[in-house]
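The values are calculated or read from the model by the stated rules, or taken from the named source; none is laboratory data. Note that the coordinates shown come from a computational prediction; the quantities given were computed from them, not determined experimentally. In this analysis, Cβ positions are derived from the backbone assuming ideal geometry, glycine residues included, and neighbour counts consider all displayed protein chains. When the accessible area is computed, the model is the full protein with side chains, heavy atoms only, and any ligands, DNA or RNA have been set aside. Shrake-Rupley method; radii C 1.70, N 1.55, O 1.52, S 1.80 Å.
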Amino acid sequence: MTSIQQAASSPRSAPSAGDHGSLRIEDVRDGVRLMTIDRPTRRNALDHATYVALANAIEQADNDPTVRVIVLTGADGNFTSGNDIDDFRRTPQPEPRGGTLLFGALLDARKPVIAAVEGYAVGIGVTMLLHCDLAFAGDGARFRLPFTSLGLSPEGRIDLSTAPPCGRQTCRGTAVAG
């Protein structure tokens with residue numbers, strides 16, 4: 001069993017502030033836990049290990065009485081370029097899948113989760129924003145939903161999570177058309 005499969009199948013351990021490979025975790029001021037997706041050579045694309053690290057870190061912060069708010073961002077000027085397609089092609093994805101773990105952690109979080117977006121938020125990156133309590137976009141932020149051009153259907157229930165604010169047909173059209 002690979003270390004990724006072990007991480008996904010074992011009870012999630014609580015990470016502390018610090019460097020967790022593809023995720024940097026810092027307590028930047030009293031009560032603020034900053035989580036930075038840190039895979040700059042892949043424009044912060046999410047592989048399974050990053051999904052698991054994010055899910056674990058969000059759960060740990062949510063259970064930490066010293067944390068009042070969770071902030072998600074990306075390193076080196078990009079939020080995330082979406083899924084790391086190469087990782088998903090070459091690595092068998094264990095159950096539960098990383099995206100399932102991450103969205104479960106986001107939906108279950110009792111503390112506010114805020115996204116700070118610079119650069120690109122693509123595909124799953126946009127979907128993540130819809131599961132956060134607040135999302136702030138910098139002047140250079142760019143959003144893209146390339147599902148149709150990649151031959152994929154929208155993930156993370158993006159069609160349902162955007163329906164109330166913008167209308168079901170509009171949201172499905174945007175998700176499918178990109």
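Residue by residue through segment 120-134, note down the ones that are closer than 17 Å to Val71 by Cβ and in a helix (DSSP H, G or I).
Initially, segment 120-134 is screened for residues closer than 17 Å to Val71 by Cβ, giving 121, 125, 128-134.
Listed by number, the residues that qualify are Gly125, Met128, Leu129, Leu130.
Quick one: how many residues across segment 68-86 are surrounded by 20 or more Cβ atoms within 10 Å (Cβ to Cβ) and either modelled with pLDDT under 95 or among the aromatic types (Phe, Trp, Tyr) (or both)? Spell out the reasoning first.
Our first condition is that a residue be surrounded by 20 or more Cβ atoms within 10 Å (Cβ to Cβ); within segment 68-86, this holds for 70-74, 78-84.
With the extra rule that they be either modelled with pLDDT under 95 or among the aromatic types (Phe, Trp, Tyr) (or both), the set shrinks to 79, 82-84.
Going through segment 68-86 one residue at a time, the tally reaches 4.
Considering Ala116, Ala105, which residue is crowded, with 17+ Cβ neighbours inside 10 Å, in contact (Cβ under 8 Å) with a residue 24 or more places away in the chain and assigned to a helix (DSSP H, G or I)? So that I can check it myself, show each step before the final result.
Working: Ala116 fails: assigned to a helix (DSSP H, G or I).
Going through Ala116, Ala105 in turn, just one is crowded, with 17+ Cβ neighbours inside 10 Å, in contact (Cβ under 8 Å) with a residue 24 or more places away in the chain and assigned to a helix (DSSP H, G or I): Ala105.
For Gln6, only one of the following conditions fails: (1) within 17 Å of Thr91 (Cβ to Cβ); (2) modelled with pLDDT of 95 or more; (3) surrounded by fewer than 18 Cβ atoms within 10 Å (Cβ to Cβ). What is its number?
Tallying (1) within 17 Å of Thr91 (Cβ to Cβ); (2) modelled with pLDDT of 95 or more; (3) surrounded by fewer than 18 Cβ atoms within 10 Å (Cβ to Cβ), Gln6 fails exactly one: (2).
Being modelled with pLDDT of 95 or more and either out of contact with any helix residue (DSSP H, G or I) (no Cβ under 9 Å at 6 or more places or on another chain) or of a type in the set (Lys, Arg) (or both) is the filter here; which residues of segment 9-37 pass it? Even if it seems obvious, please write down each step before you answer.
The first filter runs over segment 9-37 and keeps only residues modelled with pLDDT of 95 or more, leaving 23-27, 31-37.
Answer for segment 9-37, where residues must be modelled with pLDDT of 95 or more and either out of contact with any helix residue (DSSP H, G or I) (no Cβ under 9 Å at 6 or more places or on another chain) or of a type in the set (Lys, Arg) (or both): Arg24, Glu26, Asp27, Gly31, Val32, Arg33, Leu34, Thr36.
Failed condition for Thr91, given (1) β-branched (Val, Ile, Thr); (2) at pLDDT below 85; (3) surrounded by 17 or more Cβ atoms within 10 Å (Cβ to Cβ), with all others met?
The one condition Thr91 does not meet is (3).
All but one of (1) part of a helix (DSSP H, G or I); (2) among the hydrophobic types (A, V, I, L, M, F, W, C); (3) at pLDDT 80 or above hold for Val176; which doesn't?
(3)
Working only within segment 34-46, note down all residues that are surrounded by 21 or more Cβ atoms within 10 Å (Cβ to Cβ) and either under 22 Å from Pro94 (Cα atoms) or of a type in the set (Ser, Thr, Tyr) (or both). First the steps, then the outcome.
Kept after step one, since they are surrounded by 21 or more Cβ atoms within 10 Å (Cβ to Cβ), are these residues of segment 34-46: 35, 37, 39, 43-46.
Answer for segment 34-46, where residues must be surrounded by 21 or more Cβ atoms within 10 Å (Cβ to Cβ) and either under 22 Å from Pro94 (Cα atoms) or of a type in the set (Ser, Thr, Tyr) (or both): Ile37, Arg39, Asn44, Ala45, Leu46.
Take Pro65 and decide whether it is in contact with a helix residue (DSSP H, G or I) (Cβ under 7 Å, 6 or more places away or on another chain) and either open to solvent by 60 Å² or more (accessible area, probe 1.4 Å) or not acidic (Asp, Glu) (or both).
Values: in contact with a helix residue (DSSP H, G or I) (Cβ under 7 Å, 6 or more places away or on another chain): no; either open to solvent by 60 Å² or more (accessible area, probe 1.4 Å) or not acidic (Asp, Glu) (or both): yes.
Answer is no for this residue.
Please work out if Gly98 is crowded, with 22+ Cβ neighbours inside 10 Å, at pLDDT below 90 and touching a strand residue (DSSP E or B) at 6+ places or on another chain (Cβ under 9 Å). Please lay out each step first, then the result.
Numbers: crowded, with 22+ Cβ neighbours inside 10 Å: yes; at pLDDT below 90: yes; touching a strand residue (DSSP E or B) at 6+ places or on another chain (Cβ under 9 Å): yes.
Criteria met by Gly98.
Just to check your reading of the model, which residue among Ala57, Ala75 is in contact (Cβ under 8 Å) with a residue 40 or more places away in the chain and under 12 Å from the mean Cα position of the chain (by Cα)? Outline the logic, then answer.
Values: Ala75 fails: under 12 Å from the mean Cα position of the chain (by Cα).
Just one listed residue meets the conditions, Ala57.
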